[in-house]
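Every number here is computed from the coordinates shown, using simple stated rules; none is lab data. For clarity, every value in this text was computed on a predicted model and none was experimentally measured. Cβ coordinates were reconstructed from backbone atoms using ideal geometry, including for glycine residues, and neighbour counts include every protein chain displayed.
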Number of protein chains: 2
Amino acid sequence: MPTPSRAKRPARPRRKTYHHGDLKRALRDAATRLLAERGGDGLTLREAARLVGVNHAAAYRHFADKRALLAAVAEEGYAALARRMRDADAGTARADVAERLRRIGTAYVEFARAEPALFGLMTGPRLNEDGRFPAVEQALQQGVDALEAPLRDGQAAGVLRAASIEGQALTLLTLIHGYAALVLTRRIHVKPARIGEYLGTLLEPLLRGLSR
Amino acid sequence: MPTPSRAKRPARPRRKTYHHGDLKRALRDAATRLLAERGGDGLTLREAARLVGVNHAAAYRHFADKRALLAAVAEEGYAALARRMRDADAGTARADVAERLRRIGTAYVEFARAEPALFGLMTGPRLNEDGRFPAVEQALQQGVDALEAPLRDGQAAGVLRAASIEGQALTLLTLIHGYAALVLTRRIHVKPARIGEYLGTLLEPLLRGLSR
DNA sequence: ACCTGAACACCGTTCAAGT
DNA sequence: ACCTGAACACCGTTCAAGT
């Protein structure tokens, strides 16, 4: 069998000494890729090192243990999630508040659906049960922030009750997160095409309660 | 050192042949205990077999693999959770609807706090990503059911809008679950003594929106 | 300073063999 | 039918040793 093009594994320039590369970032990126391609159980410290072409023990020079590597992956994930939420509200200044909030929430759920293993890591139980990675805890705040712009506009326009923006944002995010978690674990069954629509149904009574 | 009372590990009657015992149940119970005592990473198929006093390979006669054992543990957990939710609404028929719903929701969150590893298994990403255990998916319905009694009473009394009871219950559970998940993973910081109180704050606008 | 090689104590899973 | 023993292919973590 003659060797065809070998589309996969495109002949990485594998130096013999990795002495200068940014191994920390390389390991984190490899771990992120593993998570996306093979799911939560496929993310292995040894396999990430293998992908980078380095001895697995070298990872311990840059991460205290496997969980520290996972935390780094999760942090990056939170940044990406917040970006998607902000993007969902870009250029929609004229849409009404309910619609804007629904779009931001849909971005949250769609992120979870597009990257289920990453989302599972970010929000799952294993990562931070002992509070070792405060950065991960605070990362969600960026997402809460994304909800605040439409809430502020809504209060200014007089359609929303005057109340703590942060409180309103947290209430909304709690519902959105619960929805994402339940959809992802198949506790709520919604057709993929209807995910945003059903979120609107869930948000409706809450927004009515937040209105004046 | 003379042997004192040895309060722990009360000399289980360990037969040499396990041929008759209900090994399936014994393994499931041991796994549940491991989860409670050592957390998610401490739950090992081999260790569960060790606790029961049986060769670990024997587990494969009763469970297809480790995940099947985890699913059995999770199912039992859902039954316990639903029981707590129903108990929280027992003998409170005269309390108002909002208060009853808040109590049921608090039972949900307190269960999660009391059994964090079990709750993490039940709701976490690892268990059922491929839909292999439909029983686990449906188990949450028992919890949703517990919310329906107060909702029915509220609609009958005319304080709640006439609408799908199931829809209202699912909306409430989504918010409650999101709250439990975020509290458990330290994304929301609430003092333990204030957990039920803050749930009330979260539920308030939603219930206002569900009211006529 | 950064990485390798080898070792340690574990896993989940499989399978022939025992009773 | 149900369980044991031994093996296999993996892990995460540690540590002396190399450059």
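Within 10 Å, count the other beta carbons around each residue, average over each peptide in B:105-114, A:132-141, B:64-73, and list them highest first.
Peptide ranking by packing, descending: B:105-114, B:64-73, A:132-141.
Can you give the FRET efficiency to the nearest 0.05 for B:A193 and B:E99, using r as the Cβ-Cβ distance and R₀ = 25 Å? Walk me through the intermediate numbers first.
Details: r = 18 Å, r/R0 = 0.72.
Computed FRET efficiency for B:A193 and B:E99: 0.90.
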Point to revise | Relative contact order computed over the stretch A:18-63 (Cα-Cα under 8 Å; 6+ residues apart), in percent | key: 39 percent
Point to revise | Pseudo-label separations to other copies for A:T44 - Cα-to-Cβ vector, 7 Å, nm | key: 1.7
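222 nm [θ] for chain B, helices only, -39500 (n - 2.57) per DSSP H run of 4+, per residue, to 500? Walk me through the numbers before you get to the answer.
Details: 8 runs with 132 residues, N = 212.
That comes out to -21000 deg cm²/dmol.
List the DSSP H helices in chain B whose Cα atoms stretch 24 Å or more along the helix axis and whose mean Kyte-Doolittle hydropathy is at least 1.0.
Details: long enough: B:66-88 (33 Å, -0.10); B:97-114 (25 Å, -0.04); B:134-156 (34 Å, -0.33); B:165-184 (28 Å, 1.39).
Result, helices passing both filters: B:165-184.
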Review point. What translational D, rounded to a whole number of µm²/s, comes out for the stretch A:18-63 from Stokes-Einstein when the hydrodynamic radius is the Kirkwood one over Cα pairs, at 10 °C and 1.306 mPa s?
Key: 153 µm²/s
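How well do other chains shield peptide B:186-195, expressed as the mean number of their Cβ atoms within 10 Å of each residue Cβ?
3
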Revision key, fill the gap. For A:79-87, B:95-103, B:187-195, ranked highest to lowest by mean beta-carbon neighbours within 10 Å, the order is B:95-103, A:79-87, B:187-195
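For A:R33 and A:R152 in one chain, what is 0.36 nm times their gap in residues minus the Cα-Cα distance, to one decimal in nm? It would help to have the intermediate numbers written out before the result.
Working: separation 119, 0.36 × 119 = 42.84 nm, distance 3.74 nm.
Separation in residues times 0.36 nm, less the Cα-Cα distance, equals 39.1 nm.
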Review point. All other residues with a Cβ under 11 Å from the Cβ of B:A98 taken together, and with Lys, Arg as +1 and Asp, Glu as -1, what is their net charge?
Key: +1
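Please give the peptides A:119-126, A:197-204, B:160-167 ranked by average Cβ packing (other Cβ atoms within 10 Å per residue), highest first, as a rough proxy for protection.
Numbers: A:119-126: 23.8, A:197-204: 17.9, B:160-167: 14.2.
Final packing ranking: A:119-126, A:197-204, B:160-167.
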Point to revise | Pseudo-label separations to other copies for B:G167 - Cα-to-Cβ vector, 7 Å, nm | key: 2.8
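Per residue of A:117-123, count partner chain C-beta atoms within 10 Å of its C-beta, then hand back the mean as an integer.
Values: counts 3, 1, 1, 4, 1, 3, 7.
Per residue, the number of nearby Cβ atoms from other chains is 3 on average.
Taking beta carbons within 10 Å but only from partner chains, what does the mean come to for residues A:160-168? Walk me through the numbers on the way to the answer.
Numbers: counts 0, 2, 0, 1, 0, 0, 0, 3, 1.
Mean inter-chain Cβ contacts per residue within 10 Å come to 1.
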Exercise for review: Provide, for the protein assembly as shown, the number of lysine pairs with alpha carbons under 26 Å apart, each pair being eight or more places apart or on different chains.
Suggested key: 11
Review point. From the label point of B:D145, set 7 Å along Cα to the beta carbon, how far off in nm is each other copy's matching point, shortest first?
Key: 4.6
Practice item. Find the relative contact order for the stretch A:62-212 and round it to a whole percent, using C-alpha pairs within less than 8 Å whose residues are 6+ positions apart. Key: 29 percent
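Between A:R46 and B:S164, take the C-beta separation as r, use R0 = 30 Å, and let me know the FRET efficiency to the nearest 0.05.
Approximately 0.05, to the nearest 0.05.
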